[in-house]
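Colleague: Have a look at this one before I ask anything.
The values are calculated or read from the model by the stated rules, or taken from the named source; none is laboratory data. Quick caveat, the model's predicted, so the values are computed rather than measured. Counting neighbours? That spans all protein chains shown, and the Cβs are built from the backbone with ideal geometry, glycine included. To get the accessible areas, we keep the full protein, side chains included, count just its heavy atoms, and leave off ligands, DNA and RNA. Shrake-Rupley method; radii C 1.70, N 1.55, O 1.52, S 1.80 Å.
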Amino acid sequence: MRRKDREITDKNKIKEIISACSCCRIGFNDNGKVYIVPLNFGFVDDGESYTFYFHGAKEGRKIDLISQNPNVGFEMDTNYFLKEADTACAYSARFQSVIGTGTVSIINDFEDKKKGLSAIMEHNTNRANWQFSDEMINSVCVFKLKVEALSCKEHL
């Protein structure tokens, strides 16, 4: 990271920033071109690394790309605020962001899908203990991103 003065390395602060984000953008490699998809998400922090969970249709471009190449990049950001000034170059922005890389895979195991959907719901509603019918779980594709590298930045 070029601006070390903005780097966040404290694990609790990183988790706080991820928790404040509402959208994770995943960048897929589509035959040498980048395909970016904004998704709502949930996550689990096992103390060593993060796993992000997503859901969507069982077919489509995103699903095809997951099967072709599981290596992805991701980005999320929060707390954006434009700092106005008298001249154009004096403008600035406040923000917090997380970027990284990892591998994405489709979850087929019923209990793992339930875990992923629970993480998504808890992150987006701040409420745990959701119940899912078998029909709900079977009707959706759940996939996860195992984070391999992550950096966090803050400019206040």
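Colleague: List every residue pair whose Cβ atoms sit under 9 Å apart, with the two residues 6 or more apart in sequence or on different chains, where the first one lies in the stretch 109-134 and is closer than 14 Å to Ser19 by Cα and the second, anywhere, is open to solvent by 80 Å² or more (accessible area, probe 1.4 Å).
Modeller: Met121/Arg127; Glu122/Asn129; His123/Ser22; Asn124/Ser22
Colleague: Ok, one more. Just to be sure before I move on: is Thr101 polar (S, T, N, Q) and in contact with a Gly (Cβ under 6 Å, 6 or more places away or on another chain) in the structure I sent?
Modeller: Yes: the conditions hold for Thr101.
Colleague: Before we move on, is Met76 in a strand (DSSP E or B), modelled with pLDDT of 95 or more and either out of contact with any strand residue (DSSP E or B) (no Cβ under 9 Å at 6 or more places or on another chain) or not polar (S, T, N, Q) (or both)?
Modeller: It is true that Met76 is in a strand (DSSP E or B), modelled with pLDDT of 95 or more and either out of contact with any strand residue (DSSP E or B) (no Cβ under 9 Å at 6 or more places or on another chain) or not polar (S, T, N, Q) (or both).
Colleague: While we're here: Consider Glu75 carefully, then state whether it is of a type outside the set (A, V, I, L, M) and touching a residue at least 40 places away in the same chain (Cβ under 8 Å).
Modeller: Values: of a type outside the set (A, V, I, L, M): yes; touching a residue at least 40 places away in the same chain (Cβ under 8 Å): yes.
Answer is yes for this residue.
Colleague: Turning to a different aspect of this structure: Determine whether the stretch 143-156 contains at least one residue that is closer than 30 Å to Arg3 by Cβ, modelled with pLDDT under 95, open to solvent by 70 Å² or more (accessible area, probe 1.4 Å) and outside any helix (DSSP H, G or I).
Modeller: Taking every residue of the stretch 143-156 in turn, at least one turns out to be closer than 30 Å to Arg3 by Cβ, modelled with pLDDT under 95, open to solvent by 70 Å² or more (accessible area, probe 1.4 Å) and outside any helix (DSSP H, G or I).
Colleague: When both residues are 6+ apart or on different chains and their Cβ atoms are under 6 Å apart, which pairs have a first residue that lies in the stretch 49-65 and is modelled with pLDDT of 95 or more, and a second that is among the acidic types (Asp, Glu) and open to solvent by 20 Å² or more (accessible area, probe 1.4 Å)?
Modeller: Taking only residues 6 or more apart or on different chains, the pairs are Leu65/Asp30.
Colleague: Counting only residues that are open to solvent by less than 60 Å² (accessible area, probe 1.4 Å) and either of a type in the set (Gly, Ala, Ser) or in contact with a Cys (Cβ under 6 Å, 6 or more places away or on another chain) (or both), which one in the stretch 121-142 is nearest to Gly42 (Cα to Cα)?
Modeller: Looking at residues that are open to solvent by less than 60 Å² (accessible area, probe 1.4 Å) and either of a type in the set (Gly, Ala, Ser) or in contact with a Cys (Cβ under 6 Å, 6 or more places away or on another chain) (or both), I get Ala128.
Colleague: Ok, one more. Please go through the stretch 10-38 and pick out each residue that is within 11 Å of Phe74 (Cβ to Cβ) and assigned to a strand (DSSP E or B).
Modeller: Cys24, Arg25, Ile26, Gly27, Phe28, Ile36, Val37, Pro38
Colleague: Considering the stretch 4-37 alone, what residues qualify as being of a type in the set (Lys, Arg), over 17 Å from the mean Cα position of the chain (by Cα) and open to solvent by less than 70 Å² (accessible area, probe 1.4 Å)? Break it down stepwise before answering.
Modeller: The first filter runs over the stretch 4-37 and keeps only residues of a type in the set (Lys, Arg), leaving 4, 6, 11, 13, 15, 25, 33.
Restricting the remaining residues to those that are over 17 Å from the mean Cα position of the chain (by Cα) gives 4, 6, 33.
Within the stretch 4-37, just Arg6 meets the criteria.
Colleague: Counting only residues that are in a strand (DSSP E or B), hydrophobic (A, V, I, L, M, F, W, C) and more than 12 Å from the chain's Cα centre (by Cα), how many does the stretch 93-121 have? Step through it out loud before you land on a result.
Modeller: Taking the stretch 93-121 first, the residues in a strand (DSSP E or B) are 93-107.
Still in the running and hydrophobic (A, V, I, L, M, F, W, C): 93, 95, 98-99, 104, 106-107.
Next, from what is left, pick out any that are more than 12 Å from the chain's Cα centre (by Cα): 93, 95, 106-107.
Residues meeting the conditions: 4.
Colleague: Say whether the condition of being of a type in the set (A, V, I, L, M), closer than 26 Å to Glu135 by Cα and either touching a Cys at 6+ places or on another chain (Cβ under 6 Å) or at pLDDT below 95 (or both) is met by at least one residue in the stretch 19-42.
Modeller: Within the stretch 19-42, one or more residues are of a type in the set (A, V, I, L, M), closer than 26 Å to Glu135 by Cα and either touching a Cys at 6+ places or on another chain (Cβ under 6 Å) or at pLDDT below 95 (or both).
Colleague: In this structure, does Phe52 turn out to be under 21 Å from His123 (Cα atoms) and not in a helix (DSSP H, G or I)?
Modeller: When the stated conditions are applied, Phe52 passes them.
Colleague: May I ask you to list the residues in the stretch 38-61 that are under 22 Å from Lys15 (Cβ atoms), open to solvent by 30 Å² or more (accessible area, probe 1.4 Å) and small (Gly, Ala, Ser)?
Modeller: Those that are under 22 Å from Lys15 (Cβ atoms), open to solvent by 30 Å² or more (accessible area, probe 1.4 Å) and small (Gly, Ala, Ser): Gly47, Ser49.
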